[in-house]
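Asks: Starting off with a structure, shown below.
The values are calculated or read from the model by the stated rules, or taken from the named source; none is laboratory data. Everything numeric in this text was worked out from a predicted model, so none of it was measured. Here the Cβ positions follow ideal geometry from the backbone for every residue, glycine too, while neighbour counts run over all protein chains shown.
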Number of protein chains: 2
Amino acid sequence: MPDRGAYDSETVFRILDEGLICHVGFSVDGQPYVIPTGFARVEDRLYIHGSAASRMLRTLAEGIQVCVTVTLLDGLVLARSAFHHSMNYRSVVMLGRATLVSDPAEKIKALEAFTDHIVHGRWNDIRLPTESELKATDVLVLPLAEVSAKIRKGPPKDDAEDYELPIWAGVVPLTITPEAPIADPRLNSGLEPPWYAKKYSR
Amino acid sequence: MPDRGAYDSETVFRILDEGLICHVGFSVDGQPYVIPTGFARVEDRLYIHGSAASRMLRTLAEGIQVCVTVTLLDGLVLARSAFHHSMNYRSVVMLGRATLVSDPAEKIKALEAFTDHIVHGRWNDIRLPTESELKATDVLVLPLAEVSAKIRKGPPKDDAEDYELPIWAGVVPLTITPEAPIADPRLNSGLEPPWYAKKYSR
């Protein structure tokens, strides 16, 4: 993977692996669409998936240009001036052509990656896809070839003369916090939440 | 605002007002781009802004078609089967043409909305924009005309026969949690963080 922008592959991979959703952009007849969806990274490939019946998947599978963006919000940057207010974030923008995964082995590997991307360890505990479920699911792959990352971190950057103003400035850090798992109301009695649900972390 | 999709304006507005970033999609020469940025809603108009020098702002200001999407992630949905794993989320997709705000009064109102959208009450405490800062900032407006919301909530929906499996299923709720504010290392001594930073909530 060529390293575009200011960051290396390792930084890009870390942002992608921490993200839970991506925003997929594509155009149909000149109208752009931006759709949130799950994803997974395997080596230098990004996978997205969805119902084989969805418009997005059908459109993308034709091999049109896409842009997939993953953004992590890290904090609110409160400067002394309105102008320098900002947010701390890390984002990755990926350009290219997504294509349909047809190899069954690659497809099942990608589905495993989707599940374990959301909850590491979950794949081993669940009922795996049937033939008809596999048929109903389209998986698309985007090679990570044209990728750039953007990162803003740290305190506000104010104009020199504003540092003397009697205005508090700093950062309010934001984190995504898991709460206690909520059992399915139809859960069979006696089943305890697994460790990855009780102590979820990324 | 016409109510597209399953949800009314009030639901759409609530999602927008809770979101901190949007993903703006636009196409240049057939290549879509999806860029994360701040935003604010005022009545039935969405505002985005940025440096007057940025490619995105310059491109959008030409009046091309855009898609702006705001997504809130609410939880991880752990089903009994791989196939029914999902996420709980609320999203709003807005289509239309963004245009440059030229009226100075509307522009300053939008800038106030950006700041107060991130941290309610902040605008009253800070050094307001100068003429040259106003010139360096482009504000775009997108009328909320073609809007749809999508919401997934609640427990997993498994296949009938899977409910008997000895597999824990449920939801891991996710929330964005503010941490204690971090003062700018260059902060003048004696300045305490304001209430909206100490007890930040949305």
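Asks: Given the conditions (1) in a loop (DSSP other than H, G, I, E, B); (2) out of contact with any Pro (no Cβ under 6 Å at 6 or more places or on another chain); (3) more than 29 Å from residue B:20 (Cβ to Cβ), which single one is not true for residue B:162?
Replies: Against the list (1) in a loop (DSSP other than H, G, I, E, B); (2) out of contact with any Pro (no Cβ under 6 Å at 6 or more places or on another chain); (3) more than 29 Å from residue B:20 (Cβ to Cβ), residue B:162 comes up short only on (1).
Asks: For segment B:70-101, name all the residues that are within 9 Å of chain A (Cβ to nearest Cβ) and among the charged types (D, E, K, R).
Replies: Listed by number, the list holds a single entry, B:80.
Asks: Please note which helices (runs of 4 or more DSSP H) are completely contained in segment A:43-157 and include at least 3 residues that are crowded, with 16+ Cβ neighbours inside 10 Å and without any contact (Cβ under 8 Å) to a residue 60 or more places away in the chain.
Replies: Numbers: elements: A:55-61, A:104-118, A:131-136.
Here the list reads A:104-118.
Asks: Moving to a separate point now. Give the residues of segment A:136-164 that are over 28 Å from residue A:8 (Cβ atoms) and away from chain B (no Cβ under 11 Å), sorted by residue number.
Replies: A:138, the sole residue that qualifies.
Asks: Looking at (1) under 26 Å from residue B:201 (Cα atoms); (2) at the interface with another protein chain (Cβ under 10 Å from one of its Cβ atoms); (3) within 17 Å of the chain's Cα centre (by Cα), which is the only condition residue B:67 fails?
Replies: Evaluating residue B:67 over (1) under 26 Å from residue B:201 (Cα atoms); (2) at the interface with another protein chain (Cβ under 10 Å from one of its Cβ atoms); (3) within 17 Å of the chain's Cα centre (by Cα) leaves (1) as the failure.
Residue by residue, here is whether (1) under 26 Å from residue A:132 (Cα atoms); (2) modelled with pLDDT under 95; (3) in contact with a helix residue (DSSP H, G or I) (Cβ under 8 Å, 6 or more places away or on another chain) holds:
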position: A:3; (1), (2), (3): no, yes, yes
position: A:18; (1), (2), (3): no, no, no
position: A:26; (1), (2), (3): no, yes, yes
position: A:32; (1), (2), (3): no, yes, no
position: A:44; (1), (2), (3): no, no, yes
position: A:47; (1), (2), (3): yes, no, yes
position: A:51; (1), (2), (3): yes, yes, yes
position: A:58; (1), (2), (3): yes, yes, no
position: A:70; (1), (2), (3): no, no, yes
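Asks: Please verify whether segment B:155-165 includes one or more residues that are under 19 Å from the mean Cα position of the chain (by Cα), of a type outside the set (Ser, Thr, Tyr) and modelled with pLDDT of 95 or more.
Replies: No: segment B:155-165 contains no residue that is under 19 Å from the mean Cα position of the chain (by Cα), of a type outside the set (Ser, Thr, Tyr) and modelled with pLDDT of 95 or more.
Asks: Find the residue count for segment A:174-187, including only residues that are part of a loop (DSSP other than H, G, I, E, B) and surrounded by 14 or more Cβ atoms within 10 Å (Cβ to Cβ). Break it down stepwise before answering.
Replies: Initial filter on segment A:174-187 (part of a loop (DSSP other than H, G, I, E, B)): A:179-181, A:184-187.
Going one step further and asking which of them are surrounded by 14 or more Cβ atoms within 10 Å (Cβ to Cβ), we end up with A:181, A:184, A:187.
Residues in segment A:174-187 being part of a loop (DSSP other than H, G, I, E, B) and surrounded by 14 or more Cβ atoms within 10 Å (Cβ to Cβ): 3 in total.
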